[in-house]
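K.L.:
Sharing a structure with you now.
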Amino acid sequence: MPKITSVQPQKKNPHRFNIFLDDKFAFGADEDLVVNRRLVVGKEIDPQLLEKLVFEAEVGKLIERMYRLFSVRSRSEKEVRDYLKQLSFKRKLKDKEEISQLAINFLIERLKQKGMLNDTQFAQNWVSSRSKKKGKVAIKMELMKKGLSREVINESLGQIRDEDEIKLAQQTLERKLKNWINLPQMEFRKKAYDFLLRRGFEFEIVKSIIEKYIQKG
């Protein structure tokens, strides 16, 4: 069986290592793979294990790409899967080896184990951020597009209090009032309804706010 004869840190990335078997370069590996598989000099590697190591090493490279992706913002599981499928397709166009579904599934599990991928936490963070600008309906549509389950979406939207939603809708409408101050009532009502509904506020909230404003006017 081939034996590990050298484990060398890569020059451009000291967190990755070049693994040599019988003095020949075999594959690159990240720190986790080196530690978890105990890749030390003198260890013998049977063909079956070598196949697993090469597979896990590919996932290790993808993990580094994920770090860069997540440094911009967190992602949902669907977003990560879509990203990897697009990356695989680009490789195919360049006649390079595609990313197998097995590798994608393995990577998803690694991201979950590292706490980087958590749809529930993602949804809660998304709602916390977006609820300062948009209504529940709009946020719900955004989360659905990101592939989150109905249960996770409904649970995360539960953190938005009705009074906060109403207050935001009122503030959103007030920013537009100066542009519509001289409009006939029917035209004002139509513009106001369309505007707030596009911002994702629920119909009953929109109706209540607009009708109260008209009565006061």
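K.L.:
Have a look at Leu93, Leu196, Leu53 and tell me which one the Gaussian network model of the chain (Cα, springs below 10 Å) gives the largest fluctuation.
P.N.:
Leu93
K.L.:
While we're on this one: For a quick check, take a GNM of the chain with Cα springs below 10 Å and name the residue from Lys43, Lys85, Lys61 with the largest mean-square fluctuation.
P.N.:
Its mean-square fluctuation being the largest, the pick is Lys43.
K.L.:
Okay, next question. Which residue, chosen from Phe27, Phe70, Ile108, occupies the Cα position most advanced towards the positive end of the dipole of the chain, where the dipole is computed from +1 (Lys, Arg) and -1 (Asp, Glu) charges on Cβ about the Cα centre?
P.N.:
Of the options given, the answer is Phe70.
K.L.:
Let me ask something else. Choose one answer from Met116, Met141, Met186: the residue with the largest mean-square fluctuation in a GNM of the chain with alpha-carbon springs under 10 Å.
P.N.:
Checking each option, the largest mean-square fluctuation is seen for Met186.
K.L.:
Answer with one residue from Ile181, Gly42, Tyr213: the one whose Cα lies farthest towards the positive end of the charge dipole of the chain, charges on Cβ with Lys, Arg +1 and Asp, Glu -1.
P.N.:
Going by the charge dipole, the pick is Ile181.
K.L.:
What is the order of Val80, Val152, fewest Cβ neighbours within 10 Å to most?
P.N.:
Starting with the residue having the fewest Cβ neighbours, the order is Val152, Val80.
K.L.:
Can you give the charge dipole size of the chain about its Cα centre, rounded to the nearest 20 debye, using +1 on the beta carbon of Lys and Arg and -1 on the beta carbon of Asp and Glu? Mind showing how you got there, number by number?
P.N.:
Values: 47 positive and 32 negative charges, 233 e Å.
Approximately 1120 debye in magnitude.
K.L.:
Across region 152-169, in residue order, what do the Karplus-derived ³J(HN,Hα) couplings come to in whole Hz, using 6.51 cos²θ - 1.76 cosθ + 1.60 with θ = phi - 60° and x for Gly and Pro?
P.N.:
Using θ = phi - 60°, the values come out as 5, 4, 4, 5, 5, 5, x, 7, 8, 6, 4, 5, 6, 5, 5, 4, 5, 4 Hz.
K.L.:
Separate question: Through the Karplus equation 6.51 cos²θ - 1.76 cosθ + 1.60, θ set to phi - 60°, convert the phi angles of region 11-25 into ³J(HN,Hα) values in whole Hz; use x for Gly and Pro.
P.N.:
5, 7, 8, x, 8, 10, 10, 8, 9, 10, 10, 6, 6, 10, 4
K.L.:
Still on this structure, I have one more. Of (i) 1.09; (ii) 0.97; (iii) 1.55, which one was derived for Cα Rg over 2.2 N^0.38 Å from the structure shown?
P.N.:
Computed from these coordinates, Cα Rg over 2.2 N^0.38 Å corresponds to label (iii).
Just so you know, all these numbers are worked out from the coordinates, no wet-lab data involved. Keep in mind the model is a prediction, meaning the values are calculated, not measured. In this analysis, Cβ positions are derived from the backbone assuming ideal geometry, glycine residues included, and neighbour counts consider all displayed protein chains.
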